[in-house]
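Asker: Quick one: structure below, then a few questions.
Just so it is clear, none of the values below were taken in a lab; they were calculated from the coordinates. Just so we're clear, the structure is a prediction, and the values are computed from it rather than from any experiment. Heads up, the Cβs are rebuilt from the backbone with ideal geometry, glycines too, and the neighbour counts pull from every protein chain shown.
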Amino acid sequence: MKNILGLTFVLMFAFTSTAEAGKGRQPCSGKKGGISHCQGTKFVCKNGSISASKKICR
């Protein structure tokens with residue numbers, strides 16, 4: 001029974017951590033003005049620069 005409770009706790013923590021990670025900084029945030037569009041897999045910011053984000057633009 002303790003193993004099941006422990007596993008449930010670990011899974012709940014993993015899912016909430018993943019959900020919170022998505023709420024962090026986004027590509028082209030701050031002075032770059034946000035995302036304008038995609039150029040291949042890169043984000044193009046509203047100020048015309050290419051984001052250094054490792055995320056893939058789709």
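Asker: Compute the distance in nm between two label points, each set 7 Å from the Cα along the Cα-to-Cβ direction, one at residue 38 and one at residue 3.
Answerer: For residue 38 paired with residue 3, the spin-label model returns 4.3 nm.
Asker: Taking H as built 1.01 Å from N, whose amide H comes closer than 5 Å to the amide H of residue 36, not counting residues under 5 places away?
Answerer: Counting only residues 5 or more places away or on other chains, the set is 44, 45, 46.
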